[in-house]
Amino acid sequence: QKLVASPNPAYAILDKKTSQKDATTYNNFYEFGTDKSEPAIMAGSLKTRPWTVSIEGEVKKPFVLDIDSLLKLATLEERIYRFRCVEGWSMVVPWIGYSLSHLIKKAEPTGNAKYIEFVTLDDKKQMPGVRSPVLDWPYTEGLRLDEAAHPLALLTFGMYGEVLPNQNGAPVRMVLPWKYGFKSVKSIVKIRFTKEQPATAWNKTAPREYGFYSNVNPEVDHPRWSQASERRIGEDGLFARKRKTLMFNGYPEVASLYAGMDLKKFY
Amino acid sequence: MNLTAPQLSRLKVVVFLAALIPLGHMLSGILMERLGANPLEYLTRYSGDWALYFLMMTLAVTPLRKLLQQPWLLRFRRMLGLYTFFYAALHFLMFFWFDHFFDLQEMWADVLKRPFIAVGLMAFCALLPLAVTSHNGMIRRMGGKAWQRLHQLIYVIAPLAVLHYYWMKAGKHDLTRPYLFASLVAALLLYRVVVKWRERAERRPV
């Protein structure tokens, strides 16, 4: 199903795009299985209409938006972002969406709001993977409010000119190109503004391995593998070295968000 | 059941060819581009999986031979052991090639930094002398006792290999298969301990 959006040249990197087939068949979406080939096979059971997203917590007045009004909240843009998984592979994907800041503005957070928590749908009937205890369901993620308001943070509804396939987090997900992929929470049903730093799914599971910030950083290794290099899906391999990973995945404009922070400590 | 010599050699050919099926799967997968979005990761994991499967099969020969009273099974142990080495060598080569592009220094840094890789490499290095000494000439030259002692290294290799797999999987928090392999290795090793105990008990004067 087509999704119309005009390209935003300010956010279009020139790297070769990953093929749509690779980007839609190689997914980490544990709600549909832990193997990366499973979501494309299993996610057909996800019902993306009707769908609502509830805005709660430290806001002037909580409210619920259905997906179609959420889609119309701001002008959809196409942005080509690098996407770096914590596992050491990367893609280049043309996403469709708008900056989350538009929704934040509409939500009117109170002065107490310091963080945002995102919650993924948690429904055993639609998501076979939720029956397995690999993670503490529902999948939750979080950002500091200033990170969430950064223009790069994209509330995303589509990719490759079409609405998001279920396995990529339909009908609405986050894309945070300067952070490891698991921060880019999928199939969002709730966005909560909070005073305290929210707990996040992978951080709860393995705090030493997955920090709250999880910014792409070639200098801070995962305890079990290096983050200094990555394999670009569809490109790096037999006849070339893996490519060097860039600080903040090549988005230096976010650096000011972390000024004065020890990124080895706040990994 | 006892096999005649021609039956045994025919069966050996069948097993030899069957053990090449995973290799065939990898080669045809590459040629037909059927290995998904990250074929190099797929190949690395697949070859590692099969090294582990063959290791289990090798370790299972002695218990099965004794429990089922099929002495001819012993004739397959060497082949299975060599296939363990073959797939482990492929697995190592892929790691060295795909992950480090044959940069020895870079690989070494990776080994020193990451216990799961170090453990895997240790297991592979320990397989080397077993593979080298796995022909009759060598057994004769070394003497049966010394040869057997050397090949008991497998009892160290198997837990190392499972630990390597467990640590690799731990990041995904998906430990069903690592636990399965760990229990299998534990059972196969425990069997040997029990047999040893019993033999000792029988030898004791009443």
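The values are calculated or read from the model by the stated rules, or taken from the named source; none is laboratory data. Just so it is clear, the model here is predicted, and its values are computed rather than measured. Cβ placement follows ideal geometry from the backbone for every residue including glycine, while neighbour counts extend to all protein chains displayed. Note: accessible area is taken over every heavy atom of the protein model, side chains too, but ligands, DNA and RNA are not part of it. Shrake-Rupley method; radii C 1.70, N 1.55, O 1.52, S 1.80 Å.
A few comments on the model shown:
- For the range B:131-146, the Karplus equation 6.51 cos²θ - 1.76 cosθ + 1.60, evaluated at θ = phi - 60°, returns couplings of 5, 5, 9, 9, 10, 4, x, 5, 4, 5, 5, 7, x, x, 4, 4 Hz by residue, with Gly and Pro reported as x.
- Here A:Lys264 is the anchor, and the lysines within straight C-alpha reach of less than 28 Å, apart from those fewer than 8 places off in the same chain, are A:Lys114, A:Lys179, A:Lys183, A:Lys186, A:Lys195, A:Lys204, A:Lys242, A:Lys244, B:Lys113, B:Lys169, B:Lys172.
- Cα gyration tensor, the protein assembly as shown - rounded (a/c under 1.5), prolate or oblate: prolate
- With every protein chain in place, the protein assembly as shown: carbon and sulfur % of accessible area (1.4 Å): 62 percent
- For the range A:134-141, backbone phi angles converted through the Karplus equation (6.51, -1.76, 1.60; θ = phi - 60°) give residue-by-residue couplings of 4, 10, 8, 6, x, 5, 10, 9 Hz, Gly and Pro being listed as x.
- Mean Cα-pair separation over length for the range B:5-203, i.e. relative contact order, pairs under 8 Å, 6 or more apart, %: 18 percent
- Mean ellipticity per residue at 222 nm, deg cm²/dmol - from DSSP H runs of n ≥ 4 across chain A, formula -39500 (n - 2.57): -2500 deg cm²/dmol
- The protection proxy used here, the mean number of other Cβ atoms lying within 10 Å of each residue, ranks peptides B:13-19, B:198-204 as follows, highest first: B:13-19, B:198-204.
- Calculated accessible area for chain B comes out at 59 Å² per residue, all protein chains present (probe 1.4 Å; ligands, DNA, RNA ignored).
- Spacing of the modelled spin labels on A:Ser256 and B:Glu199, each 7 Å from Cα toward Cβ, amounts to 7.5 nm.
- Theoretical FRET efficiency, 1/(1+(r/R0)^6), r = Cβ-Cβ of B:Val156 and A:Ile13, R0 30 Å, to 0.05: 0.05
- Simple spin-label estimate for B:Leu67 and B:Lys12 gives 2.6 nm between the two label positions (7 Å along the Cα-to-Cβ direction from each Cα).
- Computed FRET value (nearest 0.05) for A:Leu145 with B:Arg75, which takes r as the C-beta separation and R₀ as 51 Å: 0.15
- Counting only Cβ charges, +1 for Lys and Arg and -1 for Asp and Glu, the dipole size of chain A around its Cα centre is about 120 debye.
- At a probe radius of 1.4 angstrom, the accessible area of the range A:6-254 per residue rounds to 39 square angstrom.
- Note on A:226-236: average number of Cβ atoms from other chains within 10 Å of each residue's Cβ is 3.
- Cα gyration tensor shape of chain A, rounded if a/c is under 1.5, else prolate or oblate by comparing a/b with b/c: rounded
- Buried between A and B is an accessible area of approximately 2100 Å², summed over both sides with a 1.4 Å probe.
- Peptides A:227-233, A:146-152 ordered by packing proxy, namely the average of other Cβ atoms within 10 Å per residue, highest first: A:227-233, A:146-152.
- Using the Cβ-Cβ distance between A:Asn112 and A:Ala240 with R0 = 45 Å, the FRET efficiency computed as 1/(1 + (r/R0)^6) comes to roughly 0.35.
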